[in-house]
Each structure stands twice: as C-alpha cells, then as structure tokens.
Amino acid sequence: MQRIEALKPEISSGKSKELFDGIQAKLGMVPNMMRTMGNSPAVLSAYLNFSGDLGTSSLGAKLAELIALTVANANGCEYCNAAHTFIGGNLVGIDSQTLEAAKEGRSADPKTEAALSFTQKLVNKKGRVSSADIAEVKNAGYTDAAVTEIIAHTALNIFTNYFNNAIKVEVDFPESRLISSEAA
C-alpha cells in the first residue's frame, strides 16, 4: 500500500495544480509518481526541471532510458522499471531485447554497454568510482561532458528509485520483469 497519498490533479490547487496541468498537457496523464511528488511543489518542480534539462543532454533519449532501466534494476525499483520499459519501448522505440539487456547493465553495442557498466559502478560504489572506471567509459568514446551526463542521469534515477521505493508508489504502467528485487 502506498505510504503517501498521490494527489488528484483535478482537485489540486496552487503550484502543484500548475505543474500537474503542464504534465497533463505534455503526457496526456499525470503518473502516480508525479502525483505523489506533488505533495511538495518544490520536489515535483525540482524533478521536472532536472529531468527536463537532462532531456537536452548529448546522450539522447535512448541511452537515457537504458540508464534508467539499469539503475531501476540495480535498486529494485518496480515503478521505474515498469515506467522506463514502457517509455523506452513505446515512446522511444527501443526493442525488447535491448530493454531487457539494459536491466542487467548490458548491451549488444559496446559503447552503450560501457555507459551502462559505468552506471552500474556508480550505483554499486555509491559514486566512488575509480580513475580506471572513468578512463574505461572515456575510452569507449564518451567525452567529459557525456561522462558528467551519465553521472547526472544516474543520480536523477537514484532519486526517483529511492522516492518510489520509500513511498511504495503504486505502479500505473504495465508491469515488467524486475531482475533485482531489494524491496522491503
């Protein structure tokens, strides 16, 4: 059972209502995670701004979704796993084999696999990666800017994973197989 109420956009007011209206216009719905974040307009606004700004990164939507899946599965986040499997497959056009491989930090493409492997190291080492870890991802063809963007995408997804896991946000996307479940 969800531990904090997901607000109803149609009866919300103030800053949360404004944010919900913008999300509704963009997505055609307001996902439960965002409805729950709306309890604090500051949290929802911060999430939307961080996510929106990263949407302009050099990594592109495909790699962003694959990073999200790698992080979600490393953290056992059912909500993000379901959401990013749906978004990656239905909105970004990523095939199911690629989505499933990303859940394990793998890819048939060596450059993408280097990014996902680095992502797993960031999560597992709590950001304390080595110089060799940075050199490895750079040697795969990522610039300094791209490495910082991989770190930022990882951090954003850790935030949403922790949020969803702590609150037990009800999944409102089609269920998808989670490879790791650390949920309590």
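Assorted remarks:
- Scope the stretch 16-44; condition within 20 Å of residue 168 (Cα to Cα), among the β-branched types (Val, Ile, Thr) and assigned to a helix (DSSP H, G or I); matching residues: 36, 43
- Residues satisfying the stated conditions in the stretch 107-128, i.e. more than 15 Å from the chain's Cα centre (by Cα) and closer than 17 Å to residue 75 by Cβ: 117, 118, 121, 124, 125, 126, 127, 128
- Note on the stretch 1-14: residues that are without any contact (Cβ under 8 Å) to a residue 40 or more places away in the chain and either assigned to a loop (DSSP other than H, G, I, E, B) or loosely packed, with under 12 Cβ neighbours inside 10 Å (or both) amount to 8.
- Some residue of the stretch 30-44 being among the small types (Gly, Ala, Ser) and in contact (Cβ under 8 Å) with a residue 60 or more places away in the chain: no
- Members of the stretch 45-68 found to be part of a loop (DSSP other than H, G, I, E, B) and closer than 18 Å to residue 158 by Cβ, listed by number: 55, 57, 59
- Pick from the stretch 160-178, criterion surrounded by fewer than 15 Cβ atoms within 10 Å (Cβ to Cβ) and within 22 Å of residue 62 (Cβ to Cβ), ranking: modelled with the highest pLDDT: 174
- Within the stretch 15-68, the only residue that satisfies the criterion of being among the basic types (Lys, Arg) and crowded, with 23+ Cβ neighbours inside 10 Å is 35.
The values are calculated or read from the model by the stated rules, or taken from the named source; none is laboratory data. This structure is a prediction, so every number in the text was calculated from the model and none was measured. Cβ coordinates were reconstructed from backbone atoms using ideal geometry, including for glycine residues, and neighbour counts include every protein chain displayed.
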